[in-house]
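Colleague: Dumping the structure here so I can ask a few things about it.
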Amino acid sequence: MDAPIPTLAQAAQALAARETSSVELTRACLSRIERLDPTLNAFITVDAEGALRSAEQADQARSRGEGGALTGIPLAIKDLFCTEGLRTTCASRMLERFVPPYESTVTARLRAAGAVILGKTNMDEFAMGSSNETSYFGPVRNPWDPARTPGGSSGGSAAAVAAGLCVAAIGTDTGGSIRQPAAMTGITGLKPTYGRVSRFGMIAFASSLDQAGPMTRDLRDAAMLLQVMAGHDPLDSTSITTPPPDYLAALERPVRDWRIGLPEEYFGAGLHPEVRAAIDGAIALYRELGATIVPISLPYTQHAIPTYYIIAPAEASSNLARYDGIRFGHRCDQPKDLKDLYARTRAEGFGAEVKRRIMLGTYVLSSGYYDAYYRKAQRVRRLIAEDFARAFRDHDLSVILTPTAPESAFPLDEKKEDPVSMYLSDIFTINVNLAGLPAVSLPCGFDFHGMPIGFQLIGRPLDEAAILTAGHAYQQASDWHNARPGNLP
Ligand code: GLN
């Protein structure tokens, strides 16, 4: 057995102290990928050559005394961030051979900080799904039990971190796709405030909801990555101009006397009793740390799933109109005419879930239905955001604590043919995207099958610092985030 892959903070320290090199660390990750990824299927593309080249450059930079904490750290990137010269598929046949001519802001910033990109991780097609089973490249398997899903849509990034195929990874979250797979694989996943991290070069799913974030072993690593990823980008008109605070400093604050809200709507009948028990453990620990637990209500919670499944498909149907077989991506063979080219290209290039969303989105945006569905959903979205604002204000809360997902990792194929039950996986995460808030999922236990369980901390707009403080305090006092899957070959 090789040595375990360190956390980002540990790796940065070892690199700075010359106890290891980036080449050595990158080789260790690549050899674990070679050994474990045939089972896990976490990567769509592995760029061994490019990674080793960046690792050598990082080592040279460090030997000149240059570089920062991320210099030489091997990362895995969800395959929807455009990487110049490196294939970016969005796990779709439509983009199977797409090599972007430009770099996303997130990956550009990580590269500029010296990070090494190992490759591009598997995901649900166009990030539509909660189990990684809609990928054109096949499902990802959960490192804790390969018969189960790692969650989705950032399931490849989650599995790669959990199995130690990389030091940390980047995912995206439109309705829960960072937090839900983080919970199901026993890692830490943070979705920043909408607009905190640039969406430039991220292949769009639902533009008013999409947000990139770190998927890591612990919150210190998340803070280190977020510090580099966050900040205004003139290339994304929705990116926020307020400069990000010092996230690492936020880790060091105590949570004594903090007020933590518990929304009753998140603890109802749909919550699995074993998940409930693990969350109760997390709540008890916060009490021990001196926080005050405040019961609250978010009455519009129940409307989140239907609201999201109008807004997200509406935006998706518009964003995905660009895949027409002409400008880029898949093109069908020998089209009879232009209409045949469009129709067959899209019929061949997209999978069933993507088609379902395009049809749904086109329907709710069509004249006659626009007011009844789309406009109404926008109004409910506002009410959901106001629910959170009111609760934070009226109860003077620092953060809100909820389960991340109603259940732990489920077996592959269990929900594949049942979209509605799949959609319900995100019942506790989707509200947060609709309201644009920052939130993180942290491991807090295991179920009877040995599957990880996560809880979620939600912050006020722009207050990633609060969820970092509260989450780090928890991880300082607990050990769940240090558990590693023991069954890997
Ligand atoms: N599971 C949700 C969906 O299918 C959310 C996905 C995401 O966050 N990208 O839309």
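Rule-based calculations on the coordinates, nothing more; no lab input. A quick note: this is a predicted structure, and the numbers were derived from the prediction, not measured. Virtual Cβ from ideal backbone geometry, glycine too; neighbours counted across all protein chains shown.
Colleague: Beyond 15 Å, what share of the Cα-Cα pairs of the range 252-309 remains, rounded to the nearest whole percent? Mind showing how you got there, number by number?
Modeller: On the way: 1000 of 1653 pairs.
That tail contains 60 percent of the Cα-Cα pairs.
Colleague: Local charge sum around Ile296 (other residues, Cβ-Cβ under 15 Å, Lys/Arg +1, Asp/Glu -1)?
Modeller: Working: positive: Arg259, Arg390, Arg393, Arg460; negative: Glu264, Glu265, Glu386, Asp387, Asp394, Asp396.
Surrounding charge for Ile296 is -2.
Colleague: Considering the Cα positions of the range 314-408, please state its Rg to one decimal place and its Dmax as a whole number of Å.
Modeller: Over the range 314-408's Cα set, Rg and Dmax evaluate to 20.1, 64 Å.
Colleague: Length gain on complete extension for the stretch Gln13 to Phe267, per 0.36 nm per residue less the alpha carbon to alpha carbon distance?
Modeller: Values: separation 254, 0.36 × 254 = 91.44 nm, distance 4.06 nm.
Extra length from Gln13 to Phe267 when fully extended: 87.4 nm.
Colleague: Let me ask something else about it. Applying a 10 Å radius around every beta-carbon, put 44-53, 172-181, 404-413 in order of their mean neighbour count, most first.
Modeller: So the peptides 44-53, 172-181, 404-413, ranked by packing, come out 172-181, 404-413, 44-53.
Colleague: Further, regarding this structure: Arrange the peptides 350-360, 369-379 so that the one whose residues have, on average, the most other Cβ atoms within 10 Å appears first. Don't jump to the answer; show the numbers that get you there.
Modeller: Numbers: 350-360: 18.9, 369-379: 14.3.
Packing proxy ranking, top to bottom: 350-360, 369-379.
Colleague: Moving to a separate point now. In a shell of Cβ-Cβ distance under 15 Å around Ile310, excluding Ile310 itself, what net charge do Lys and Arg (+1) and Asp and Glu (-1) give? Intermediate values should be presented prior to the final figure.
Modeller: Working: positive: Arg356, Arg357, Arg375, Lys376, Arg379, Arg381, Arg382; negative: Glu315, Asp371, Asp426.
Charge balance in the 15 Å sphere: +4.
Colleague: Peptides 305-311, 242-248: what's the order by average Cβ count within 10 Å, highest mean first?
Modeller: Numbers: 305-311: 21.3, 242-248: 14.7.
Top of the packing list down: 305-311, 242-248.
Colleague: So what is the orientation-averaged projected area of the range 146-274, using the convex hull of its C-alpha atoms, in nm²? Present the calculation step by step, with values, prior to reporting the outcome.
Modeller: Values: hull surface 40.7 nm².
Spelled out: convex hull of the Cα atoms, projected over all directions, averaged, 10.2 nm².
Colleague: About the Cα centre, and with charges only on the beta carbon of Lys, Arg (+1) and Asp, Glu (-1), how big is the dipole of the range 389-489? Nearest 20 debye, please.
Modeller: Result for the range 389-489 is approximately 260 debye, rounded to the nearest 20.
Colleague: Shape of the range 9-86 from its Cα gyration tensor (a ≥ b ≥ c, root eigenvalues): rounded if a/c is under 1.5, otherwise prolate when a/b > b/c, or oblate? Before the final figure, lay out the partial values.
Modeller: On the way: a/c = 2.21, a/b = 1.59, b/c = 1.39.
The shape class here is prolate.
Colleague: Right, next: Remind me, relative contact order of the chain in percent, using alpha carbon pairs under 8 angstrom and six or more residues apart?
Modeller: Numbers: 1185 pairs, mean separation 87.7, N = 489.
The normalised contact order for the chain reaches 18 percent.
Colleague: Can you tell me, using C-alpha contacts under 8 Å and at least 6 residues apart, the relative contact order of the range 103-160 as a whole percent?
Modeller: Once normalised by length, the contact order is 30 percent.
Colleague: Above 26 Å lies some portion of the pair distances; for the range 355-489, what is it as a whole percent of all C-alpha pairs?
Modeller: Tail of P(r) above 26 Å: 41 percent of Cα pairs.
Colleague: Further question on the same structure: Only loop residues by DSSP count here, and only those with at most 13 other Cβ atoms within 10 Å; note down the GluC sites (Glu not before Pro) in the range 246-339 that meet that. The partial results should precede the final answer.
Modeller: Details: sites: Glu252, Glu264, Glu265, Glu274, Glu288, Glu315; in loops: Glu252.
Answer in residue order: Glu252.
Colleague: If only Cα atoms are counted, what is the Rg of the range 354-418, and what is its Dmax, in Å?
Modeller: 17.8, 44
Colleague: Just the Cα atoms of the chain, one point each, no solvent: what log10 I(q)/I(0) does Debye give at q = 0.07, 0.11, 0.12 Å⁻¹?
Modeller: Values returned for q = 0.07, 0.11, 0.12 Å⁻¹ are -0.33, -0.84, -1.01.
Colleague: With the convex hull built on the Cα atoms of the range 391-439, state its orientation-averaged projected area in nm². Working shown, then result.
Modeller: Details: hull surface 17.3 nm².
Average of the hull's projected areas for the range 391-439 equals 4.3 nm².
Colleague: Roughly speaking, what is the stretch gain from Arg379 to Ala352, that is 0.36 nm per residue apart minus the C-alpha to C-alpha distance, in nm to one decimal?
Modeller: Working: separation 27, 0.36 × 27 = 9.72 nm, distance 2.92 nm.
Fully extending the segment from Arg379 to Ala352 adds 6.8 nm.
Colleague: Let me ask another. Return the Rg/Rh value of the range 141-214, two decimal places, where both radii are evaluated on C-alpha atoms and Rh is the Kirkwood radius. Intermediate results must be reported in sequence, preceding the final value.
Modeller: Values: Rg = 12.0 Å, Rh = 12.2 Å.
Computed over Cα atoms, the ratio is 0.98.
Colleague: Count the lysine pairs in the chain that are 8 or more places apart or on different chains: how many have C-alpha atoms under 20 angstrom apart?
Modeller: Working: Lys78/Lys120; Lys78/Lys191; Lys120/Lys191; Lys339/Lys355; Lys355/Lys415; Lys355/Lys416.
Lysine pairs meeting the criterion: 6.
Colleague: Moving on to the next point. So in the chain, what percent of DSSP beta bridges are antiparallel if you round to the nearest 5? Please report the intermediate quantities before stating the final value.
Modeller: Values: 29 of 44 bridges.
Of all bridge pairs located within the chain, approximately 65 percent are antiparallel.
Colleague: Taking the alpha carbon gyration tensor of the range 306-369, what are the square roots of 5 times its eigenvalues, largest first, to the nearest whole Å? Intermediate values should be presented prior to the final figure.
Modeller: Numbers: eigenvalues 120, 27, 18 Å².
Taking √(5λ) for each Cα gyration eigenvalue gives 24, 12, 9 Å.
Colleague: Follow-up. Taking only the C-alpha atoms, wrap a convex hull around the range 1-141 and report its volume per residue in Å³ as a whole number.
Modeller: Numbers: hull volume 15.2 nm³, N = 141.
Residue-normalised Cα hull volume stands at 108 Å³.
Colleague: Test of understanding: express the Cα radius of gyration of the range 422-489 as a ratio to 2.2 N^0.38 Å, with N the residue count.
Modeller: On the way: Rg = 14.1 Å, N = 68, 2.2 N^0.38 = 10.9 Å.
It is 1.29.
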